[in-house]
């Protein structure tokens, strides 16, 4: 309930003045009698008891009329959220090498745990460099020798933490490995059907509209591709054909091997873990970027850079329909005024 012209309530200040005029003024009229014994034990009639009823009805009618003048309205609010978001697939390496130590807030933890914790900050925000991604469609893919979908693309980010916590280091030697190409391919296939996912999610909800602005993959690995059917470059070309951009992040120390060429350069890249040349090529093919992260702070910085490059848009359209309710006050006020007039002219009539 709201009032379109609330200043009309100032008229209520006139009511005390009306009461003063009607009740506060002194009457000097009198009739002289030789003795007051004639008036002992007078009986108060019902007319005397109801003598002030017309005044009460008038005051009540005035209150209702003033309220009607203030134009009470009842609004039905309709809110439409028109969002333009980004479909993001997080592709996370869970091979045994991700069990090596990495700093997170000056404390040692595994690389995988650090990646998981900073990912949660990226999605939710940390009130510092990361603002969160509330309007983005986010999914999870993990890989070792084989890739798997951990969480399908969703806007229900509350569920992501639970799925992320379930990602663990591979504990079966036969499943250990680094299938970067297949991990990228699985994530790209999921993103390619992102519109289909959203159409199903909004099938029964016509209150909003969601538009996928772009599709990206964020790949985090500390190794070099050594398993799977597709090479990282082949998977990158597949993703590029579907309009998907890939941001590659190498987890580990950034060691400069630029002076080493040929076979020995490849062997050194393998020995040091991150195949920076391949990750850079994957990013270049799809229009993304490649960065190295050796601790949680550098990983946050990379995510902050992605935040700046990939922005989402949320627009809320608010529409309110108001219904006028002044008749509910004006009509009773009119009835009360008619009742006052009738009473003053008939049953409660006074003779001057």
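The values are calculated or read from the model by the stated rules, or taken from the named source; none is laboratory data. The structure displayed is predicted, hence computed values, not measured ones. Glycine also receives a Cβ, built like all others from the backbone with ideal geometry; neighbour counts cover every protein chain displayed.
So, in the range 83-102, exactly how many residues are more than 32 Å from the chain's Cα centre (by Cα), in contact (Cβ under 8 Å) with a residue 40 or more places away in the chain, surrounded by fewer than 20 Cβ atoms within 10 Å (Cβ to Cβ) and not in a helix (DSSP H, G or I)?
1
Quick check, is residue 126 at pLDDT below 90, under 24 Å from residue 297 (Cα atoms) and outside any loop (DSSP other than H, G, I, E, B)?
On the way: at pLDDT below 90: yes; under 24 Å from residue 297 (Cα atoms): yes; outside any loop (DSSP other than H, G, I, E, B): no.
No; evaluated as a whole, the condition is false for this residue.
Return a yes/no flag: does the range 190-202 have any residue that is closer than 24 Å to residue 225 by Cα, crowded, with 19+ Cβ neighbours inside 10 Å and touching a helix residue (DSSP H, G or I) at 6+ places or on another chain (Cβ under 9 Å).
Step one: of the range 190-202, the residues closer than 24 Å to residue 225 by Cα are 190-192.
Restricting the remaining residues to those that are crowded, with 19+ Cβ neighbours inside 10 Å gives 190-191.
Within this subset, residues satisfying the condition of being touching a helix residue (DSSP H, G or I) at 6+ places or on another chain (Cβ under 9 Å) are 190-191.
So far as the range 190-202 goes, yes, one or more of its residues are closer than 24 Å to residue 225 by Cα, crowded, with 19+ Cβ neighbours inside 10 Å and touching a helix residue (DSSP H, G or I) at 6+ places or on another chain (Cβ under 9 Å).
Across the range 293-326, which residue is surrounded by the most Cβ atoms within 10 Å (Cβ to Cβ) among those that are more than 22 Å from residue 276 (Cβ to Cβ) and at pLDDT 85 or above?
Among those residues, the one meeting the criterion is 307.
Within the set of pairs 6 or more residues apart or between chains, which connect a residue that is in the same structural domain as residue 92 (by TED's automatic domain parsing) inside the range 182-198 to a residue that is buried (at least 20 other Cβ atoms within 10 Å of the Cβ) and in a helix (DSSP H, G or I) with Cβ atoms less than 6 Å apart?
184/235; 185/235; 188/239
Looking for whichever is more than 22 Å from residue 96 (Cα to Cα), assigned by TED's automatic domain parsing to the domain that holds residue 295 and either touching a strand residue (DSSP E or B) at 6+ places or on another chain (Cβ under 8 Å) or at pLDDT 95 or above (or both) here; the options are 260, 244, 249. Which one fits?
On the way: 260 fails: either touching a strand residue (DSSP E or B) at 6+ places or on another chain (Cβ under 8 Å) or at pLDDT 95 or above (or both); 249 fails: more than 22 Å from residue 96 (Cα to Cα).
After ruling out the rest, the residue left standing is 244.
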